[in-house]
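Where a number appears in this text, it was derived from the coordinates with a stated rule and is not lab data. Bear in mind that the values here come from a model prediction, so they are computed numbers and not experimental data. Positions of Cβ are generated from backbone atoms using ideal geometry, with glycine treated the same way; all protein chains shown enter the neighbour counts.
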Amino acid sequence: MCNKLYHTDRTSSQFINIANRFDYFTAVVGMDGVFRQVSTTSESVTGYKSEELIGKIIFQYIFKDDLEKMKGSLNKINHDDYGVITYRLQEKTGDYKWVETTYMVLEEQQIIRLLIKDISILNELCNYLIHSEKLSIIGQMAAGIAHEIRNPLTSIKGFLQLMQAGVIDTRNYINIMKNEIDRIESITSELLFLGKRKGSQKSVHCIQKLLNEVILLMQAEGLQRNIEIEKHFPAQSYFIKCDESKIKQVFINLIKNGMEAIDENGKLSVAISIQGSRHIVISITDTGCGIPKEKLNNIGQPFYTTKENGNGLGLMLCYRIIDEHQGKIKIYSQVDEGTSFQIFLPRVKE
């Protein structure tokens, strides 16, 4: 059924008319779950005629993993209560389909009225949308990879042709060609890292210690750029469970990005704060050029960058690593004022 959605030219009209594709039937069951009355439309949903269901217990047609959930919901029913339950219902073929049942309890009559609606089309639509999104992402990635690798390859090819023709001196352009090859190697290395989910070696670390070590590494670059790195750390030590090398890579990438956004004589601050009892927030804030509001939503996507020579994979890698650590990244930015990356990570005991 899903393939029909993927390969038909009528997909758009199917999507628009989806509301017309819900089949349903009504039924009355006793408090013991036995069907007393069933509408003739039951066959369109289950394949069973109404007379085949009357006298049978509804629970025998419910998928076993959903049965406890449904029984639990019915046990909580109050006098003249009503509600909605979603579960898998068995068809006459033996297959199961998702249905949504609206129920109303009439306690004086000791019955429950049911409106059972076939919602399997929603799963079909969901699979279609996921499939389309995957294809879209693959297409964007492929286009981005081709673009990022083609540029340095075009430069290298041009230099080789000029060298072959004797137009330019080989010695003067060897370093330029080497840099272009290094750029291709960097892109492929980051793509390989993104493509593999390596097992993380996680252990408990003091967040202040990790950041101090990273800042020490980045201070030389800060001095070269005439950028002051400020620290705002609480006196009390706080801890996270992490893969040390991966988390340090995130901090290095974000601090480096912040420095590159500052023209000269700017400041970059690294701060630690606590959000409730569960999360530590690491804020890396620069006084750089900032990011326009319309571009913020694209940050973290592959090959999207606001830097002249960037490829966007560094930030995508940061998002991937933080996601692996059950954390999240938020960005706040104002043009000509600066940008703040906030990393939320689960806090653990020492």
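Observations
- Given their separation in residues at 0.36 nm each and the Cα-Cα distance between them, Leu160 and Val281 gain 38.5 nm when the chain is fully extended.
- Among 333-346, 270-283, the peptide with the highest mean count of other Cβ atoms within 10 Å heads the list, and the full ranking is 333-346, 270-283.
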